[in-house]
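Here the structure comes first, spelled out in structure tokens, and everything after it is commentary.
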Amino acid sequence: MCCECLSPSAGRQVVKKPLNAFMLYMKEMRHKVLQEGRERESAAINRILGRRWHALSQSEQSKYYDLAQKERLLHMQLYPGWSARDNYVCTVRPSQCPYTVSV
DNA sequence: ATTCCTTTGAAGGAT
DNA sequence: ATCCTTCAAAGGAAT
């Protein structure tokens, strides 16, 4: 991590990305997968959820796409001018890191 | 104490 | 305009 100011211990207030449709689906369904089996690792859970996501009908998926759209709109209202780049660690263009100033 | 793993999708950057 | 990378969630595992 080249951006010290991005580390949680630096105490910088981070506005995160809005959740996409699948992420919202995960948030809602994860606990069910946890109940059904004794699988505990998120990597395994997310693999299962990925399969279930593709098994969903179009109308079932559209519910989450609609929700994700609302989240994006709300995010825009709450944080005008916000950019996803704010939370990027500068692995691509380290020389143009916006967070090189001391914290 | 952090990073990895793993999924889809949005968004940004690079080409 | 199209391709590539990061990161949103999450938590056990790995480092």
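Things worth noting here:
- Within segment A:38-59, considering residues that are more than 8 Å from DNA strand C (Cβ to nearest atom) and not in a helix (DSSP H, G or I), the one farthest from residue A:80 (Cα to Cα): A:38
- Pairing each residue of segment A:64-76 that is closer than 15 Å to residue A:27 by Cβ and part of a helix (DSSP H, G or I) with any residue that is more than 9 Å from DNA strand B (Cβ to nearest atom) and at pLDDT 95 or above, provided the two are 6+ apart or on different chains, yields C-beta distances under 8 Å for A:64/A:24; A:67/A:24; A:68/A:24; A:71/A:24.
- Complete set of residues in segment A:37-49 that are of a type outside the set (A, V, I, L, M, F, W, C), within 7 Å of DNA strand B (Cβ to nearest atom) and either loosely packed, with under 13 Cβ neighbours inside 10 Å or over 17 Å from residue A:27 (Cβ atoms) (or both): A:41, A:42, A:47
- Scanning segment A:72-103 for residues that are of a type in the set (Phe, Trp, Tyr), more than 14 Å from residue A:16 (Cβ to Cβ) and modelled with pLDDT of 55 or more gives no hits.
- When the test is whether a residue is in a helix (DSSP H, G or I) and either of a type in the set (S, T, N, Q) or modelled with pLDDT of 90 or more (or both), residue A:35 passes it.
- When residues in segment A:3-29 are screened for being at pLDDT 65 or above and farther than 24 Å from residue A:42 by Cα, 1 of them pass.
The values are calculated or read from the model by the stated rules, or taken from the named source; none is laboratory data. Quick caveat, the model's predicted, so the values are computed rather than measured. As a convention, Cβ positions derive from the backbone with ideal geometry for all residues, glycine included, and neighbour counts pool all protein chains shown.
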